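For reference, the structure discussed in these notes is given below.
Derivation of every value follows stated rules applied to the coordinates shown; laboratory data play no part. These numbers were taken from a predicted model, which means no experiment stands behind them. Backbone-built Cβ (ideal geometry, glycine too); neighbour counts: all protein chains shown.
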2 protein chains.
Amino acid sequence: MKIIQVDEQVSLRRDPDSGNEKIQAIVDEIIAEVRKDGDEALRAYTKKLDGAALDALFVSEKERAQAYESMDTRTVDAIRQAIANIRDFHERQRSESWMTTKENGTILGQQITPLDAVGVYVPGGKAAYPSTILMDVIPAQVANVGRIVMASPPDESGLLHPAVLVAASELGVETILKAGGAQAVAALAYGTDSVQAVDKIVGPGNSFVALAKRAVFGQVDIDMIAGPSEIVVLADDSARPDYVAADLLSQAEHEERATAIVVTPSKALAEKVSAEVERQLEDLPRAAIAREALDTFGAIYLSADLNEAVDVVNSLAPEHVEVLCSQPFQYLGKIRHAGAIFLGENSAESVGDYFAGPNHVLPTNGTARFSSPLTVDDFLKKSSIIHYSEEALAQNSEMIASLARVEGFEAHARAVEIRKKKDVR
Amino acid sequence: MKIIQVDEQVSLRRDPDSGNEKIQAIVDEIIAEVRKDGDEALRAYTKKLDGAALDALFVSEKERAQAYESMDTRTVDAIRQAIANIRDFHERQRSESWMTTKENGTILGQQITPLDAVGVYVPGGKAAYPSTILMDVIPAQVANVGRIVMASPPDESGLLHPAVLVAASELGVETILKAGGAQAVAALAYGTDSVQAVDKIVGPGNSFVALAKRAVFGQVDIDMIAGPSEIVVLADDSARPDYVAADLLSQAEHEERATAIVVTPSKALAEKVSAEVERQLEDLPRAAIAREALDTFGAIYLSADLNEAVDVVNSLAPEHVEVLCSQPFQYLGKIRHAGAIFLGENSAESVGDYFAGPNHVLPTNGTARFSSPLTVDDFLKKSSIIHYSEEALAQNSEMIASLARVEGFEAHARAVEIRKKKDVR
């Protein structure tokens, strides 16, 4: 890995939003077709793009049962424990409606209500990502969302991956649409004869899914459009090079565009990590992908001291940061911008990716400067509550009217003044 | 006003996002120019579009002092009371970082941090909207945002409206950029020599501002793109027609595209409201605007009963709903989708627009199905905290590894397994 002295400006690259025009045109056409022809278009695209001629658009009970048969029990048990952990963490995020009252009769507050319906997109293809299902569905369930619909593209025989079906079944997701890509997003956003429209669509996907989500945003809400995954390891002398290297590789194996960075004041560590990465790459199944990611976006930054290293972390605002220092909690309050903070040498990123409880849907591409992990709040919404009594209005109507008139809104002023005329009807 | 029997599908119209291509091209050019030429471009556009040849790009102390001289003290007092109310309400929204621990050494949590810097856009032109400044700045201040920059277009003599300057000064906003439109948005998003870039831009504006905000989204965060304002009055027999009419007009006077709707099972009320609207329109300064809004988007819906009326409110998911019924609190829990809920006959919408405390930046265009008022949370972000001890990892590493391998990520599995080798370096 490259070892680079920290200079003034270190920042994660931003992906230019270019070269998508062709895909956008296709996506727009697919959305238009699904809005026009509904289920028929959904079937046609699933035949054309996924090679599956579907009888039923939804997963059957039989398919779920078969999925369980093909999974080993230890993995099912691990899924169950992960669900328990993730649910426990997200239940702590639940916020409640509240009110405040005054003696003059004023009542103000905030009513919190769940979304009526949410669509969860789950990528298909050869790999299966049950962890994605857990991370997207559980916060919606904790928020008490009324209806959760999952959508995932089937393989050529019209089936979904067993791990996907088992994860969904363990969570009690009843409706699983066998459709993917822009056609699934369109069906969830606008509805068809057999798919009821939802209010928000979450979940990762390829460019077609991402562009379709952007296109339907406004009609429905969406979660973030995730960029390539990122890790930054903040390390001091005490860090073990083999742990650092293993964690960098766990990020780099995701895809060629993944980012894995170390920031450390220790030149000795930097050199050992670089050598250790080479050693661990030797027998890694996805070594080619990981190597390309590290060559393109990987780096070990040498800082003057740990304080400068923390500054680098904050300017990178990474998705994941690991603090592999002898006193990791000392740096927690200094890390202002990060999706998830892993503290100490036993807190490998994998612990959070799959299992610990916090969400693995996190801001990428420097957006941790202003965004947050997926939370229960993302499936709730607030309504302000305002009650003025006759007394409260009488005390304040003059001020309210004068503020309205400064803005030139006479009818606003009169709406409070007319309330003085209690006798007239 | 039209009186219409409720049929199955009642919904607020959605604005098609069309006809903006020309403005978009101009906006894109302005953004590119400001990114290239910085302050110079900012000055050039302010000269060209606002007619002001500026010496200083920022508001001076002297201008602030002059603004106070031209405002009457009662209005300044009203602004001060509104600030106190709005601050009090938003302080109740503040959420705290939290942690949870387990005996095996696991620590999980959520760290909450404010955004580093926020830009608040304030429209210019002949009217001034000090209430907008209060509603956008106060939640950012309560969140402890490090730096708040206001931007507003100057008039031809290079000055801002006194009410704008007084509101900003009362809040202690130190930096006020004299620039508007896409050029101001570009300067806030990308920075210039004299404007430091921010992380989020909030505040209303015309199409240029809205399209510029959309264009810089991703580089920075933005608040919602607000549509025309909306009120729905849910009323029973007990409602006073003159109050209902006054509140409809206070919404309709905003602009020709504003929506003002009544839903009631009472035919008698419907007819009285319709007559009363005509009466009150007679001497309203902005009668022409209000009348056009009511003719185009206004309606009185007659429902079978109050339950059906509530259903209509939920399908409209309006920005504001007033409950003018004899037992207003009875309906609070039934209203699932609304930006702000005004309960009882003394709670005119104006009370909340200017003064009561809750934010007046609210979801429009049916988006209350999935969005919320502007809150302190919009200026905070969360980072997950994960700490596993050696014990916690040992207990769980097998499960974590098996979940990683189901997804085909061997390096993820090895990153936890390598931690077993405590002795090797």
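Numbers below:
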read-out: By average C-beta atoms within 10 angstrom, highest first, the peptides A:111-121, B:210-220, B:278-288; value: A:111-121, B:210-220, B:278-288
read-out: Positive-pole candidate from B:A184, B:A127, B:F208, dipole of the range B:38-222, charges at beta carbon; value: B:F208
read-out: Likely footprinting exposure, A:S347, A:S194, fewest C-beta neighbours within 10 Å first; value: A:S194, A:S347
read-out: Most to least packed among A:46-54, A:128-136 [average Cβ atoms within 10 Å]; value: A:128-136, A:46-54
read-out: DSSP beta bridge pairing in the protein assembly as shown, given as percent antiparallel to the nearest 5; value: 25
read-out: Relative contact order of the range B:38-222, defined on C-alpha pairs under 8 angstrom at six or more residues apart (%); value: 27
read-out: Residue mean of other protein chain beta carbons inside 10 Å, A:110-119; value: 4
read-out: DSSP-defined beta bridges in chain A - what % are antiparallel, rounded to 5; value: 25
read-out: Cα long-axis angle, helix A:130-142 against chain A (0 to 90 degrees, to the nearest 10); value: 20
read-out: For residues of B:86-92, the mean tally of beta carbons on other chains within 10 Å; value: 2
read-out: Shortest-first distances to equivalent copies, position B:A25, nm, label 7 Å out along Cβ; value: 1.8
read-out: The protein assembly as shown: calculated mean residue ellipticity at 222 nm from DSSP helix runs of at least 4, using -39500 (n - 2.57); value: -13000 deg cm²/dmol
read-out: Protection proxy ranking of B:401-407, A:22-28 - average other beta-carbon atoms within 10 Å, highest first; value: B:401-407, A:22-28
read-out: Table column - 3J(HN,Hα) (Hz), the range B:304-312, Karplus curve with 6.51, -1.76, 1.60, x for Gly and Pro; value: 5, 7, 5, 4, 5, 4, 5, 4, 5
read-out: Interchain or long-range residues, amide H under 5 Å from B:D221's placed H; value: B:K200, B:I201
read-out: Cα centroid of the range A:332-390 to Cα centroid of the range A:98-154, whole Å; value: 14
read-out: Neighbouring partner chain Cβ atoms per residue of B:313-322, average, 10 Å criterion; value: 1
read-out: Out-of-range pairs (alpha-carbon distance over 25 Å; input B:K334/B:K381; A:K22/A:K48; A:K48/A:K178); value: B:K334/B:K381
read-out: Proxy reagent accessibility, fewest Cβ within 10 Å first, across A:E276, A:E230, B:E91; value: B:E91, A:E276, A:E230
read-out: Set of lysines near A:K267 by C-alpha distance (under 16 Å), chain-local residues within fewer than 8 positions excluded; value: A:K2
read-out: With Cα atoms, 0 to 90° folded angle of helix B:287-297 axis to chain B main axis; value: 60
read-out: Antiparallel bridge percentage (DSSP; both residues within the range B:65-198; nearest 5); value: 30
read-out: Span from the the range A:238-288 Cα centroid across to the the range A:56-75 one, whole angstrom; value: 37
